[in-house]
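Asker: Before I ask anything, here is the structure I am working with.
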Amino acid sequence: MELVLATRNPHKLREFAGLLAPLRVLPLPDGVELPPETGDTFAENAVDKARAVADVTGMTAIADDSGIAAAALGGRPGVRSARYAGENATDEENLDKLLREVPGDDRRVAYVCALAFAEPHGLVHLVEGRCEGTLAAEPRGDGGFGYDPAFLPVDRDDGRTMAELTPEEKDAISHRGRAARAFLAWLEEHRA
């Protein structure tokens, strides 16, 4: 089965291609416009993107919307994770802002991923994955992307950030890994 991934983010394309194997994850065709992420939730944004791409391309599509939610900030940056420090902010600028704003007495964070599947003008299905963690005092590691250098997953007790884990270790516990496995389980059941 082939799925078009509704993103221009090469990190996500690479990550989902591995997570969803043996399915074939295709890049978004040139010229296809993604709808703006105007939803209040990850789920709304993921469904909007998957539905739009499936309808425009005529191909089955998947889309995720994901980010980090800090308990002390009432769930922010949430759906604004990619634009937390501004519309064209870099990963480093977004992470620096989060590190400055999260207080030292409550460093709890969670990665959240909503993954939507859409057939052209038809079925839409949504799954979600979460990874709980705490925010490190400063970034460490050069793997991953986004907030990974400061995300300490509670599923590991060795003190490594997501950016210090191997890709296989990260995939086993990440929000995207969990969402991908939930999607594959649903797809296997749905196809039966």
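Asker: Inspect region 45-60 for any residue being touching a residue at least 12 places away in the same chain (Cβ under 8 Å), of a type in the set (Ser, Thr, Tyr) and assigned to a helix (DSSP H, G or I) and give the result as yes or no.
Answerer: Checked against the condition, which is being touching a residue at least 12 places away in the same chain (Cβ under 8 Å), of a type in the set (Ser, Thr, Tyr) and assigned to a helix (DSSP H, G or I), region 45-60 yields at least one hit.
Asker: Please state which one of 171, 155 is in contact with a helix residue (DSSP H, G or I) (Cβ under 6 Å, 6 or more places away or on another chain), more than 16 Å from residue 11 (Cα to Cα) and at pLDDT below 95.
Answerer: Step by step, each of 171, 155 is checked, and only 155 is in contact with a helix residue (DSSP H, G or I) (Cβ under 6 Å, 6 or more places away or on another chain), more than 16 Å from residue 11 (Cα to Cα) and at pLDDT below 95.
Asker: Can you pull out the residues in region 27-46 that are crowded, with 17+ Cβ neighbours inside 10 Å and hydrophobic (A, V, I, L, M, F, W, C)?
Answerer: Selection gives 28, 42, 43, 46.
Asker: Cβ-Cβ under 8 Å, sequence separation 6+ or interchain: first residue in region 22-33 and over 17 Å from residue 115 (Cβ atoms), partner surrounded by 10 or more Cβ atoms within 10 Å (Cβ to Cβ) and of a type in the set (Ser, Thr, Tyr). Which pairs?
Answerer: Within 8 Å, the pairs are 29/57; 32/57.
Asker: Right, next: Looking only at region 134-179, count how many residues are acidic (Asp, Glu), without any contact (Cβ under 8 Å) to a residue 24 or more places away in the chain and part of a loop (DSSP other than H, G, I, E, B).
Answerer: Residues meeting the conditions: 3.
Yes/no per residue for (1) exposed (fewer than 15 other Cβ atoms within 10 Å of the Cβ); (2) within 18 Å of the chain's Cα centre (by Cα); (3) not small (Gly, Ala, Ser):
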site	(1), (2), (3)
48	no, yes, yes
56	no, no, yes
60	no, no, yes
66	no, yes, no
76	no, yes, yes
89	no, yes, no
102	no, no, yes
111	no, yes, yes
128	no, yes, yes
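Asker: If you don't mind, there's one more thing I want to ask. Could you list all residues from region 105-128 that are assigned to a strand (DSSP E or B) and out of contact with any Phe, Trp or Tyr (no Cβ under 8 Å at 6 or more places or on another chain)?
Answerer: Those that are assigned to a strand (DSSP E or B) and out of contact with any Phe, Trp or Tyr (no Cβ under 8 Å at 6 or more places or on another chain): 108, 110, 116, 118.
Asker: Looking at region 75-94 only, could you name the residues that are in contact with a strand residue (DSSP E or B) (Cβ under 9 Å, 6 or more places away or on another chain) and in a helix (DSSP H, G or I)?
Answerer: Those that are in contact with a strand residue (DSSP E or B) (Cβ under 9 Å, 6 or more places away or on another chain) and in a helix (DSSP H, G or I): 78, 79, 80, 81, 82, 83, 94.
Asker: Okay, next question. For region 22-44, indicate whether the set of residues that are under 25 Å from residue 142 (Cβ atoms) and either part of a loop (DSSP other than H, G, I, E, B) or at pLDDT 95 or above (or both) is non-empty.
Answerer: Taking every residue of region 22-44 in turn, at least one turns out to be under 25 Å from residue 142 (Cβ atoms) and either part of a loop (DSSP other than H, G, I, E, B) or at pLDDT 95 or above (or both).
Asker: Separate question: Where residues in region 162-179 are touching a strand residue (DSSP E or B) at 6+ places or on another chain (Cβ under 9 Å) and among the aliphatic types (A, V, I, L, M), which of them is farthest from residue 64 (Cα to Cα)?
Answerer: Looking at the filtered set, the residue picked out is 165.
The values are calculated or read from the model by the stated rules, or taken from the named source; none is laboratory data. Fair warning: this is a prediction, and the values are worked out from it, not measured in the lab. Here the Cβ is made from the backbone with ideal geometry for all residues, glycine too, and neighbour counts use every protein chain on show.
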